[in-house]
1. With the other protein chains left in place, how much accessible area per residue, in square angstrom, belongs to region 57-163 at a 1.4 angstrom probe?
2. Please compute the Kirkwood hydrodynamic radius of region 29-148 from all pairs of different C-alpha atoms, in Å with one decimal.
3. How large is the charge dipole for region 29-148, taken about the Cα centre, if only the Cβ atoms of Lys, Arg (+1) and Asp, Glu (-1) carry charge, to the nearest 20 debye?
4. Could you go through region 88-101 in sequence order and give the Karplus-derived ³J(HN,Hα) for each residue, using 6.51 cos²θ - 1.76 cosθ + 1.60 with θ = phi - 60°, rounded to whole Hz, and x for Gly and Pro?
5. When the label point is put 7 Å from the Cα of Ser55 along its Cα-to-beta-carbon vector, which residues of region 102-116 have a backbone N closer than 12 Å?
6. Could you list which residues have their amide H under 5 Å from that of Ser108, counting only those 5 or more apart in sequence or on another chain, with H placed in the peptide plane?
7. Given an 8 Å cut-off on Cα distances and at least 6 residues of separation, report the relative contact order of region 43-137 as a percent.
8. Multiply the residue gap between Gln64 and Leu153 by 0.36 nm, knock off their C-alpha separation, and tell me the result in nm, one decimal place.
Amino acid sequence: MALVGLVLLSTRYYMVDLPVWRSFGGGKGPDPTTLHLQGEFVESNLGTAEGPAGSLTVRMIAQQFVFVPQCIVVPMGVPITFRITSADVVHMLSFLGTNSGIKAVPGSVTEGTFTFAKEGEFKIPCHEFCGAGHHAMRGQLNVVPGDHFASLLPGERRTCELR
Ligand code: CUA
């Protein structure tokens, strides 16, 4: 019985800690219900984009049970800033084959900067229980050489081919 209680706690805690996350964000984070319609996370702004001074930012939405976009392409060996949020519950984007991960929380933006040293295709499964489709929730990160990335058009940088 105690074990069952523990399992419930560990998988349902987002219901408890959401208000806590929200209060940390001061309620200024993006509204999960209008992510696709306005602000930073509209569809045309998702994926990998070059900012001022050549900085690279990846914007993604996690939602039951996909990442949007499902596949992202980044250059190898340079810092990439991820900004992610969730359209529903808490998800965890983890980079398989690396030690890195980042949490997606509804109502706030989580930022993390990572540098990928190895070229290749990495699965990015969700590592936070988020519902019935959790185990099938996975995207893909394609790390390519810098000169290859530089040759891609802006539209080709935003998303990539799933293989
Ligand atoms: Cu999303 Cu588990």
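1. On the way: 4630 Å² over 107 residues.
In whole numbers, region 57-163 has 43 Å² accessible per residue.
2. On the way: mean 1/r = 0.0700 Å⁻¹.
The answer is 14.3 Å.
3. Working: 6 positive and 10 negative charges, 51 e Å.
Charge dipole of region 29-148: 240 debye, to the nearest 20.
4. Calculated HN-Hα couplings, in order: 8, 10, 6, 10, 9, 7, 10, 8, 5, x, 10, 9, 9, x Hz.
5. The answer is 112-113, whose backbone nitrogens lie closer than 12 Å to the label point.
6. Residues meeting the amide H criterion: Ser86.
7. After rounding, I find 27 percent.
8. On the way: separation 89, 0.36 × 89 = 32.04 nm, distance 2.98 nm.
Roughly 29.1 nm would be gained on extension.
The values are calculated or read from the model by the stated rules, or taken from the named source; none is laboratory data. Quantities reported herein were computed from a predicted structural model and do not represent experimental measurements. Using ideal geometry, Cβ is built from the backbone for each residue, glycine included, and neighbour counts are taken over all protein chains shown. Protein only, heavy atoms only, side chains kept; ligands, DNA and RNA dropped before computing areas. Shrake-Rupley method; radii C 1.70, N 1.55, O 1.52, S 1.80 Å.
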